[in-house]
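Heads up, the thing below is written out as structure tokens.
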Amino acid sequence: MAGWTQEELADRSGVSAHSISVLEAGRRQPRLSSVSRLAEALALDPRRREQLLAAARSIPAPARSAAPETGRPRPGAPCQLPYDTRLFTGRARELDQLLALSRSAPAGSASGMVVISAIDGMGGVGKSALAIRAGHRVRAHFPDGQLFVDLHGHTAGIAPVPSADALDWLLRSLGVPPQQIPDELSTRAALYRERLADTRTLIVLDNAASSAQVRPLLPGTSGCLVLITSRKRLTGLDDAHSLAVDVLPDTDAVALLREGAGPGRVPAGHPAADELVRLCGHLPLAIRIAAARLRHDRGLGLQDLVDRLRDERRRLAHLTDEDRSLRAVFATSFTSVAPDEQDLLRLLGLFPGYDVDICAVAALAGIDPHTAERLLESLLHHNLLVQRTPGRYLFHDLVGLYARSMAADQTRGTDRNAPLHRLAEYYQDAAARANEHLARRTRPGRHREPAAPAVLPALTDRTKALTWMRTEHRNMLALVGHPALSALPAFTVSLSADLAAFLLMEGRWSQAAALHQSAVTAAATAGDRRGEADALCDLGRARHATGDYRAAAELYERALTIHQELGDRHGEANDLHELGRIRLLTGEIQEASWLHEQALAAFRALGDQLGEARALCDLGRARHSSGDSPAAVELTSQVLTLYRTMGDRRGEAAALHDLAYILDEMGDRNSAGEFYQEALTIYEDLNSVQGVANTLRGLGRIRHAVGDHRAAAELHQRSLDACREAGSRHGEADSLLGLGRARDALGEGRDALALYQQALTLYQEIGSRPGETSALLDLAALTERTADPRSALTLHQQALAIARDTRSPLDEARALEGAARCALALGDHAAALIGLEDAVALYRRLGSPTATDAAARLSALRTDPAPAAEGRPPQRSISTWAQSTP
């Protein structure tokens, strides 16, 4: 028409040469504005101009294909994807998501726009490797080219690439001559979108700093796929599909280590490999550096490297090689956030605990919760913090090491203890608030008034208090004994008192013992006699829980002496009550009754109804143990009435449980079952998993006693499930034991044996010596019937030793009786006679109903002739013993 080239027409019309080429090829429906500009440049008369516009209107838009075409790349199409490393491991789920997005690119997003995936994660987690691997996998779907640009959002020593500079690079890559690239950012972006229109191009924008940097680099229409990687969550990209990349799971992490280290350097199944990837925080970059060290330093063994990385102070220094440094990676992330966020990171580096919530962070930093939440969320978006549970924040292990080093450098010469002092005061006040809903005994006037109104979590009921304690107790225990708090003994003493009920209830007895011992020492050092006595009593309860009755009694007596010297009647009443419980367990029933009577009188004089109910309850147990079960029923009924008067439903359920237990032992199983059911209903209403589990076990014992062993097994299984849900290891062991007894009665000896052994192991792990004794006795009884009596005798002897050590006479009697059966089966008539005599004497002293049957067996044994020389007792006697169980 005018004899111009496409480039000349482009210069005159302002329409790009690329668009003119596309229009000539008929690859898209022309824009009328572009056609008007072309007509104007060609100086067409009005008639020809209208003909050109009419022709443009009549051209139909090319139909879109729902599935991408694949094939060879367009000649001259750019292919800029970097090298795809062979050390790519795992990420199958993430790759599948990216591949699915590539298939949807031609049709566009739900709004018809370009398909974008924003891949975020902490530095070194492998975002770029994932994007590059996905890019190579989908190349065939994008024949018009694959563009790649490093935006240097987090590159040490290099400023982030301005959007205009990135567009310059991208336009040159698309074949636009430098002289045709506009100067203005918006014009460059428009030309970029125009060149990409109706093409199928893959664009990888690596290491982005922000949504603002990326937004001008996005195509305007569907057909292309954009993969963006960033250490920050790009929440400003509304249409983007977010893909968060986490650290590698164990199997993939070890596989990456083995592949990177080279053949033979990491033997399959070597335990040091698991520890090495753990020390590397399962972070791909750290693992690659460690693997490279093993590959290139043949004198460095796997265990040698593990030993070096165990030193936290030097770990980051060891995770560095020729051109890679974890410290540098974290430093670029650190400097990319605002100064107040950097300050908070340093403060979090001082924190000795685990994950934290907004209230604790506000206390640590001395700021309001709203500011704390804003800063935490920003750090979370920058992937400098991790959130495993909603509302709680923590460091990745290696980022935590970096933050601690930054905290140490920044706080030298300042009062670095002040933040931890604020945190200690916060936990002291919050724990006291939570304990108000958990404690089952009264300690009036112990708490201080907060120096200033503290922002505390909403601990308005028992459920919230228990949830908070379960979440925060590890942090509080980590603070105890911290050097920065050595000048605050009151913190340790207060925390010991307020965590006591929770730790005891949860079965965390070793933690409780360590905490209370620290409190005893701290209080004694500070001259706090009352705090020392309270901590001694709490320590006694922890020893009591583990079955160390002798130590518990000594601790209660020490506490009692101090409380009496101080004239602290409440402390004295608590000590008398706890000491009475120990005396009952050690078979000193008369003294136990006297102690509970003294405690009861003291609680009544003090007007402490909760203490009165507790003392009445244990006095009832003493009456039951002495054989006066009707009196026990009367006392426990009083307890039930008292709790109902107080409106204490938890106490009511506990009293119903105790009443059911006594009636069950008295043989009134119908009434016992009704009371257990009432208790179960209350515990379910209160959402008390532990209470439900205990009551289910009681119901299971009833079904077992009446011979319905199948139903008993189901109830004990439900109890077991509830205990595991609640995290109650002692309850879990008790349930395993009850389930084992039910399986044993059903004739499922192999299952019963496994359950008894599991229970025994668990009791040993948690340090419950009474539980260990019970499991040994049940295991011994099963072994008597299914194996040789010599093995059973060994088990009975182990149980006997523990029972004597813990001064548990009933278990001692059961062990003596079982050992006597085994001795008789082995032909040792004299040993059997002595053992049974001792057992009967103990049963009678305890007032146990078992005494009558045991005495009858003793009488029969005395009238039996001595066994024959070959050591085999008469068959009748063996049969009699075989039918009896402890």
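Could you tell me whether the stretch 760-863 comes out rounded, prolate or oblate from its Cα gyration tensor? Rule is a ≥ b ≥ c as square roots of the eigenvalues, rounded for a/c under 1.5, then prolate if a/b exceeds b/c, otherwise oblate. Please list the in-between numbers first.
Working: a/c = 2.29, a/b = 1.31, b/c = 1.74.
Because a/c hits 1.5 or more and a/b fails to exceed b/c, the stretch 760-863 counts as oblate.
Coupling constants for the stretch 379-396 follow from the phi torsions by the Karplus curve (6.51 cos²θ - 1.76 cosθ + 1.60, θ = phi - 60°), and in residue order they are 5, 5, 5, 8, 6, 8, 10, 10, 10, 7, 10, x, x, 10, 10, 8, 7, 5 Hz; glycine and proline get x.
Computed over the stretch 626-765, the alpha-carbon pair-distance distribution with 10 angstrom bins reads 14, 38, 34, 13, 1, each value a whole percent.
Apply 1/(1 + (r/R0)^6) to the Cβ-Cβ distance of residue 565 and residue 439, taking R0 = 25 Å, and write down the FRET efficiency to the nearest 0.05. Step by step, r from the Cβ atoms, then E = 0.55. For the pair residue 745 and residue 99, a Förster radius of 60 Å applied to the C-beta separation gives a FRET efficiency near 0.60, rounded to the nearest 0.05. 3J(HN,Hα) couplings calculated from phi for the stretch 341-348 with the Karplus curve 6.51 cos²θ - 1.76 cosθ + 1.60 (θ = phi - 60°) are, in sequence order, 6, 4, 4, 5, 4, 4, 5, 5 Hz; Gly and Pro show x. Fully extending the segment from residue 550 to residue 605, taken as 0.36 nm per residue of separation minus the present Cα-Cα distance, adds 16.8 nm. Spin-label pair residue 304-residue 510: with each label point 7 Å from Cα along the Cα-Cβ axis, the two points sit 3.4 nm from one another. Each distinct pair of alpha carbons in the stretch 421-655 adds a 1/r term; the inverse of their mean, the Kirkwood radius, is 18.3 Å. Relative contact order for the chain: 6 percent, from Cα pairs under 8 Å spaced at least 6 residues apart, divided by residue count. Bridge orientation summary for the chain: considering DSSP beta bridges with both residues in this region, about 15 percent are antiparallel.
Can you give the net charge of the other residues whose Cβ lies under 11 Å from the Cβ of residue 401, counting K and R as +1 and D and E as -1?
Surrounding charge for residue 401 is +2.
For residue 580, what is the net charge nearby, where nearby means another residue's Cβ is under 9 Å from its Cβ and Lys, Arg count +1, Asp, Glu -1? So the surrounding residues net to -2. In order along the stretch 416-429, phi translates into HN-Hα couplings of 6, 7, 4, x, 6, 5, 4, 5, 4, 5, 4, 5, 4, 6 Hz, rounded to whole numbers, per the Karplus curve 6.51 cos²θ - 1.76 cosθ + 1.60 with θ = phi - 60° and x for Gly and Pro. How far, in degrees from 0 to 90, does helix 569-585 lean away from the longest principal axis of the Cα atoms of the chain, to the nearest 10? Helix 569-585 sits roughly 70 degrees off the main axis of the chain. Over the stretch 250-327, the Kirkwood radius and the radius of gyration, each from Cα atoms, give a ratio Rg/Rh of 0.91. Per Stokes-Einstein, at 4 °C and 1.567 mPa s, what whole-number D in µm² s⁻¹ belongs to the chain, with the Kirkwood radius over Cα pairs as the hydrodynamic radius? For these conditions, the coefficient is 39 µm²/s.
FRET efficiency for the pair residue 788 and residue 164, taken as 1/(1 + (r/R0)^6) with r the Cβ-Cβ distance and R0 = 60 Å, rounds to 0.10.
Using the average count of surrounding beta-carbon atoms within 10 Å as a protection proxy, the listed peptides 481-493, 339-351, 86-98, 124-136 rank, highest first, as 124-136, 339-351, 481-493, 86-98. Full extension of the chain segment joining residue 765 with residue 674 gains 29.3 nm, where the gain is 0.36 nm per residue of separation less the Cα-Cα distance.
Taking every DSSP helix (H) stretch of at least 4 residues in the chain, weighting each as -39,500 (n - 2.57) and dividing the sum by the residue count yields a mean residue ellipticity at 222 nm of -21000 deg cm²/dmol.
Any read-out appearing in this document is the output of simple, stated calculations on the displayed coordinates, not a laboratory observation. Since we're looking at a predicted model, the values are computed, not measured. Neighbour counts are summed over all protein chains in view; Cβ atoms, including those assigned to glycine, are modelled from backbone coordinates with ideal geometry.
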